[in-house]
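Here is the structure we will look at.
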Amino acid sequence: MTIDIAPSPAPVRHPMLAQVVATRKLTPRLIRVTLTGSALDTFGYDGPDHLARVFLAPRADVELCLPASAERWWPAVQAMPDEVRPIVRNYTVRRLDGGRREMDIDFVLHAEAGPGSSWAATAAVGDQIGVLSDGAEYAPPADTDWQLLIGDETALPAIAAIVESLPADGHALVLLEVGDATDELDLAAPSGARITWLHRGATRAGHSDIVLRTLRETVFPVGAAYAFVAGESAMVTSVRRHLVGERGVAKQRVYFCGYWRAAAR
Ligand SMILES: Cc1cc2nc3c(=O)[nH]c(=O)nc-3n(C[C@H](O)[C@H](O)[C@H](O)COP(=O)(O)OP(=O)(O)OC[C@H]3O[C@@H](n4cnc5c(N)ncnc54)[C@H](O)[C@@H]3O)c2cc1C
């Protein structure tokens with residue numbers, strides 16, 4: 001099959017259909033799904049934590065139905081009949097190649113198995129999915145001397161892409177919470193990035209305090225920090241509180257986002 005590689009048109013940001021072209025297990029609990037779609041050259045990419053709203057058919061025997069436009073897409077989804085209303089989840093665009101009309105999304109295969117995780121676990125070539133481009137938030141101020149990047153497996157796609165985007169002389173402390181050593185990935189990091197993998201072991205995801213405990217013991221470099229904190233909601237909130245309340249990091253230099261919420265903590 002030949003693909004017409006033309007200069008990328010301006011992003012249009014409408015919900016678009018895509019199909020699975022490949023899947024690859026990166027770790028036992030992280031699967032990369034490669035998608036292709038005729039409109040992916042217009043998806044747009046604002047930065048390493050670029051958000052894709054992902055639409056899944058409610059059942060395998062139901063055709064995927066997408067809202068017509070990005071304008072008021074959520075009310076449009078809610079107005080659809082129960083039988084066809086798509087399931088919507090949030091995922092990071094790990095890689096976008098507009099020219100090839102291809103996108104990678106890395107899905108965590110988590111133990112509680114929601115629709116997103118279950119879809120990815122069984123995704124096969126040709127399966128359909130909907131994606132809507134929704135921008136990026138990572139934005140270190142120009143005067144940043146060093147970055148603090150903190151997350152769990154759900155933030156690994158964003159943090160891996162951030163680390164890859166750091167300049168060769170960039171400085172970063174990276175704390176990544178995962179289950180165990182089999183969840184670790186090789187990250188393409190500059191020499192000034194110190195990556196620490198934190199294993200929660202037998203503790204359930206979302207129930208460990210290993211990130212906060214490690215952070216409390218971490219000596220910060222001098223200079224202006226910028227923090228990107230994402231992952232389980234309570235972890236993210238506690239980290240942000242520590243940074244602002246106990247370390248004196250200015251609020252506006254801390255981006256934090258709960259990527260998911262543990263059922264009961
Ligand atoms: C901006 C943004 C970017 C994100 N990027 C990614 C990404 O690139 N890759 C990725 O895998 N996730 C990412 N997430 C997180 C993802 O949206 C959630 O984990 C989502 O809940 C998964 O949907 P689900 O259908 O599998 O489970 P849900 O139906 O939402 O939840 C079902 C059950 O599973 C539990 N659960 C949900 N997620 C997890 C988890 N990770 N570990 C353990 N238990 C869990 C819930 O507490 C609930 O009990 C991102 C979220 C945001 C907001």
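The values are calculated or read from the model by the stated rules, or taken from the named source; none is laboratory data. Just so it is clear, the structure is predicted and the values come from calculations on it, not from any experiment. Methodologically, a virtual Cβ is constructed for each residue, glycine included, from the backbone with ideal geometry; neighbour enumeration extends over all protein chains shown. Remember, those area values only see protein heavy atoms, side chains included, never the ligands or the DNA or RNA. Shrake-Rupley method; radii C 1.70, N 1.55, O 1.52, S 1.80 Å.
Quick notes on this structure:
- Residue match in region 64-85 (condition: in a strand (DSSP E or B) and not basic (Lys, Arg)): no
- Some residue of region 89-105 being within 12 Å of the ligand (Cβ to nearest atom), aromatic (Phe, Trp, Tyr), part of a loop (DSSP other than H, G, I, E, B) and surrounded by 17 or more Cβ atoms within 10 Å (Cβ to Cβ): no
- Residue that is within 20 Å of Pro140 (Cα to Cα), away from the ligand (no atom under 16 Å from the Cβ) and modelled with pLDDT of 95 or more, where the choices are Val219, Val249: Val249
- Picking from residues in region 235-254 that are under 24 Å from the mean Cα position of the chain (by Cα) and of a type in the set (Lys, Arg), the one that is farthest from Glu153 (Cα to Cα) is Lys251.
- Where a residue in region 20-42 is farther than 11 Å from Ala121 by Cα and assigned by TED's automatic domain parsing to the domain that holds Asp106 and its partner, wherever it lies, is assigned to a helix (DSSP H, G or I) and charged (D, E, K, R), with Cβ under 6 Å and at least six apart: Thr27/Asp183
- Single condition Leu148 does not satisfy, out of (1) more than 16 Å from Arg53 (Cα to Cα); (2) assigned to a loop (DSSP other than H, G, I, E, B): (2)
- Scanning region 99-122 for residues that are closer than 19 Å to Leu51 by Cα and β-branched (Val, Ile, Thr) gives Ile105, Val108.
- Failed item, numbered, when Gly201 is tested on (1) crowded, with 20+ Cβ neighbours inside 10 Å; (2) away from the ligand (no atom under 14 Å from the Cβ); (3) at positive phi: (1)
- Leading residue by the ranking (surrounded by the fewest Cβ atoms within 10 Å (Cβ to Cβ)) among those in region 106-151 that are among the acidic types (Asp, Glu) and either more than 22 Å from Val249 (Cα to Cα) or within 7 Å of the ligand (Cβ to nearest atom) (or both): Glu112
- Any hit, region 15-38, residues being at pLDDT below 95 and under 27 Å from Val163 (Cα atoms): no
- Among residues of region 204-229 being in contact with a strand residue (DSSP E or B) (Cβ under 6 Å, 6 or more places away or on another chain) and of a type in the set (A, V, I, L, M, F, W, C), the one that is surrounded by the fewest Cβ atoms within 10 Å (Cβ to Cβ) is Ile210.
- For region 252-264, the criterion of being within 12 Å of the ligand (Cβ to nearest atom), at pLDDT below 95 and farther than 16 Å from Leu173 by Cα is met by at least one residue.
- Residues of region 152-169 that turn out to be open to solvent by 30 Å² or more (accessible area, probe 1.4 Å) and away from the ligand (no atom under 14 Å from the Cβ), as a count: 5
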